[in-house]
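Q: What follows is a structure written as structure tokens; I'll ask about it next.
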């Protein structure tokens with residue numbers, strides 16, 4: 001497990017039962033284990049502690065039944081970030097960083113969590129307060145994948161910090177035909193796993209929604225607009241998420257071929 005100056009990392013997995021596209025998603029069976037259980041077990045070995053934050057007693061009971069830890073949170077939160085703040089305050093403990101882990105990615109890899117943790121391996125002149133994961137688009141992903149508005153894109157500065165996130169393709173490649181963009185440029189997709197210093201989590205949760213956040217419907221733009229730098233770590237792992245019952249069937253097949 002990665003350690004830096006004795007820093008302690010708390011993993012929180014927000015999990016709601018209600019979902020427009022897939023109610024009860026955290027309790028879906030994947031190869032004999034609940035989806036939330038698979039996420040929990042994937043990340044537990046590389047963190048100091050892991051909790052599921054939920055607003056539903058069925059999820060709490062299921063987590064405790066497989067030996068995990070769960071904390072009840074409000075059903076009024078605007079985002080997983082807000083749920084993480086309430087959960088971290090209820091959990092307590094001497095933690096330096098909270099990692100917000102998506103509850104619908106049952107095959108998240110420990111190396112991705114370790115990459116996020118390493119973002120906090122900084123000197124006194126650069127104290128990382130927020131971090132997230134990105135992945136480069138591959139040329140064979142195809143133009144449709146790059147143009148997909150449901151896959152946020154991000155551009156980075158030379159320090160590896162996020163400059164902007166967008167549902168549009170960024171950067172725009174002037175003078176180059178779109179069908180050549182993936183072969184001529186470097187484009188990053190955003191992987192929605194966040195790490196926050198404890199004090200930063202409280203600060204950003206108190207911020208009002210910002211103009212760019214409202215325009216793009218991307219929460220992380222609120223943090224950038226308010227001057228919070230977001231360090232990124234690059235992963236080469238393609239995360240497999242479950243958003244719909246159809247995705248569940250695909251991921252069951254993925255389980256058979258990959259694990």
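A short reminder: the numbers here are calculations on the coordinates, not readings from a lab. Model, not experiment: these values are computed from the prediction. Note that each Cβ is placed from the backbone with ideal geometry, even for glycine, and that neighbours are counted across all protein chains shown.
Q: Under 8 Å for C-alpha pairs, at least 6 residues apart: give me the relative contact order for the range 12-126, rounded to a whole percent.
A: Here the relative contact order equals 33 percent.
Q: With a cut-off of 8 Å between alpha carbons and a minimum separation of six or more residues, what is the relative contact order of the chain in percent?
A: For the chain, the relative contact order is 22 percent.
Q: For the range 47-68 and the range 72-118, write down the distance between their C-alpha centroids in whole Å.
A: Value for the Cα centre distance between the two parts: 12 Å.
Q: Taking every DSSP beta bridge that has both residues in the chain, what percent is antiparallel when rounded to the nearest 5?
A: Counting only bridges with both partners in the chain, antiparallel ones make up about 55 percent.
Q: Where a ≥ b ≥ c are the square roots of the eigenvalues of the C-alpha gyration tensor, would you call the range 164-222 rounded, which needs a/c under 1.5, or, failing that, prolate if a/b is larger than b/c, or oblate?
A: Here the range 164-222 falls in the prolate category.
Q: Go ahead and set up a Gaussian network model of the chain, Cα springs under 10 Å, then flag whichever of 87, 131, 215 fluctuates most.
A: 215
Q: Rounded if a/c is under 1.5, else prolate if a/b beats b/c, else oblate: with a ≥ b ≥ c from the C-alpha gyration tensor eigenvalues square-rooted, which is the range 171-259?
A: Since a/c reaches 1.5 but b/c is at least a/b, the shape of the range 171-259 is classed as oblate.
Q: Could you check which residue among 193, 149, 101 shows the biggest mean-square fluctuation in a GNM of the chain with a 10 Å Cα cutoff?
A: The residue with the greatest mean-square fluctuation here is 149.
Q: Between residue 21 and residue 118, what FRET efficiency follows from the Cβ-Cβ distance if R0 is 35 Å, with the result rounded to 0.05?
A: Between residue 21 and residue 118 the formula returns 0.55.
Q: Label points 7 Å out from Cα along the Cβ direction at residue 250 and residue 78: separation in nm?
A: 3.1 nm
Q: Between residue 167 and residue 136, what is 0.36 nm times their sequence separation minus the Cα-Cα distance? Round to one decimal in nm.
A: Length gained, residue 167 through residue 136: 9.6 nm.
Q: Right, something else. Given axes a ≥ b ≥ c from the Cα gyration tensor, I'd like to know whether the chain is rounded (a/c under 1.5), prolate (a/b larger than b/c) or oblate.
A: oblate
Q: Go ahead and set up a Gaussian network model of the chain, Cα springs under 10 Å, then flag whichever of 40, 196, 164 fluctuates most.
A: Judging by the Gaussian network model, the answer is 164.
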